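Okay, so here's the structure we're looking at.
The values are calculated or read from the model by the stated rules, or taken from the named source; none is laboratory data. Please read these numbers as outputs of a predicted model, since none were measured by experiment. All Cβ positions, even for glycine, are placed from backbone atoms using ideal geometry, and neighbour counts span all protein chains on display.
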Amino acid sequence: MGRLIYQLTHHRAVGADFLRWLQIDLFLLGGAAALGWIPGGWLVAGVAGALMVGLFALYRYWKTRDFVLFTPAEMPLVVPATVPSSAKIPIWASGYFSVENKHGHFSWLQGFFRTFPSREHALICLKKPTTFLMVGHSPETTNGMWYCFFKPGAVLDIQWGDIHFGPDSLPGLVVTHTVHIPRRNWWQPAKDVPKRIYLACPQREDALTILADLLFDRHQREAIGKRSPNGVAKKHPQDSWRTLLG
């Protein structure tokens, strides 16, 4: 269902997306029935109104999930490790992207994951022109390369599981990170908001590699936090008790 709603909202015909056309058709149908221009009267008008509300509710539900279904699973045991800065791991990404002065949410974009020597993570994806029902087309302004960058300090949460987009289902992870939204006008000041990015990998090993790379930053911070100011690793309380008890 999420994939269908995504296609309805991201393909246009005659200046409007398919979801908007469906809502307009249902409004006209309900109005014509209520005025007695077509058979059915208030019954048809009520059904049309319920369908309009249902479409809007479905859209809001799937939009907050970037039109993909994530099934969480137990976090696998991996050894935190970095990936070479030259490595490009293939992914299907869904979530918040930006390019130059544009930004938006897209689903199931093909691209790759990489980490720069600065430890900044990047998703580099291509939004290809697509069609729907042979008459709808994706807006030309959205076609091209889209990016998602986040630094280790911006990562708020990492979850492991399976990501579904229509009939497609792949292993992957969800990364919740902080995004800085620049000031747009006087009533929309600059702010930091949490955003999620879904990373689905055709190969489970690639998803585990990305997970190990992201966990390396957390592991490094925890290792630094366990060290005293002189650089010596702090002893746990249980270690002191073992020393006293022999």
Query - Only one of 6, 61 that is at pLDDT 95 or above and surrounded by fewer than 16 Cβ atoms within 10 Å (Cβ to Cβ) - result: 61
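hydroxyl-bearing (Ser, Thr, Tyr) and surrounded by 15 or more Cβ atoms within 10 Å (Cβ to Cβ), is that true of residue 107? If you could, list the steps in order and put the result at the bottom.
Details: hydroxyl-bearing (Ser, Thr, Tyr): yes; surrounded by 15 or more Cβ atoms within 10 Å (Cβ to Cβ): yes.
Yes, satisfied.
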Requested in this report: For residue 243, indicate whether it is exposed (fewer than 10 other Cβ atoms within 10 Å of the Cβ) and either at pLDDT 95 or above or not assigned by TED's automatic domain parsing to the domain that holds residue 102 (or both).
Outcome: yes
Report task. Go through 20, 12 for me and flag whichever is of a type in the set (D, E, K, R) and crowded, with 17+ Cβ neighbours inside 10 Å. Result -> 12
Requested in this report: Return yes or no: is residue 114 over 19 Å from residue 176 (Cβ atoms) and surrounded by 15 or more Cβ atoms within 10 Å (Cβ to Cβ)?
Outcome: yes
Query raised in the report: Within the range 196-204, is even one residue modelled with pLDDT of 85 or more and either surrounded by fewer than 10 Cβ atoms within 10 Å (Cβ to Cβ) or of a type in the set (Val, Ile, Thr) (or both)?
Result: yes
Query - Test result for residue 183, assigned by TED's automatic domain parsing to the domain that holds residue 86, more than 22 Å from the chain's Cα centre (by Cα) and in a loop (DSSP other than H, G, I, E, B) - result: yes
Query raised in the report: Could you list, in sequence order, the residues of the range 197-218 that are farther than 18 Å from residue 169 by Cα and of a type outside the set (A, V, I, L, M, F, W, C)?
Result: 209, 213, 217, 218
**Report entry** Scan of the range 124-154 for residues that are under 30 Å from residue 21 (Cβ atoms), touching a Lys or Arg at 6+ places or on another chain (Cβ under 7 Å) and either not in a helix (DSSP H, G or I) or not polar (S, T, N, Q) (or both), ordered by number
**Finding:** 136, 137, 139, 143, 144, 146
Query raised in the report: Residue check: is residue 174 farther than 20 Å from residue 100 by Cα, among the β-branched types (Val, Ile, Thr) and not in a loop (DSSP other than H, G, I, E, B)?
Result: yes
Query raised in the report: Only one of 30, 40, 54 is modelled with pLDDT of 90 or more, out of contact with any Cys (no Cβ under 6 Å at 6 or more places or on another chain), surrounded by 14 or more Cβ atoms within 10 Å (Cβ to Cβ) and not aliphatic (A, V, I, L, M); which?
Result: 30
Query - For residue 59: the one exception among (1) in contact with a His (Cβ under 6 Å, 6 or more places away or on another chain); (2) in a helix (DSSP H, G or I); (3) of a type in the set (Phe, Trp, Tyr) - result: (1)
**Report entry** Residue list for the range 139-162, filter: within 19 Å of the chain's Cα centre (by Cα) and of a type in the set (S, T, N, Q)
**Finding:** 142, 143, 159
Query raised in the report: In this structure, is residue 85 assigned to a strand (DSSP E or B) and either among the small types (Gly, Ala, Ser) or modelled with pLDDT of 95 or more (or both)?
Result: no
Report task. Find the residue count for the range 48-74, including only residues that are closer than 26 Å to residue 1 by Cβ, in contact (Cβ under 8 Å) with a residue 12 or more places away in the chain and over 15 Å from the mean Cα position of the chain (by Cα). Result -> 9
**Report entry** The listed residue being loosely packed, with under 13 Cβ neighbours inside 10 Å, assigned to a strand (DSSP E or B) and among the charged types (D, E, K, R), out of 162, 157
**Finding:** 157
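Does residue 167 satisfy the criteria of being closer than 27 Å to residue 219 by Cβ and touching a helix residue (DSSP H, G or I) at 6+ places or on another chain (Cβ under 9 Å)?
So residue 167 does not fit the description; no.
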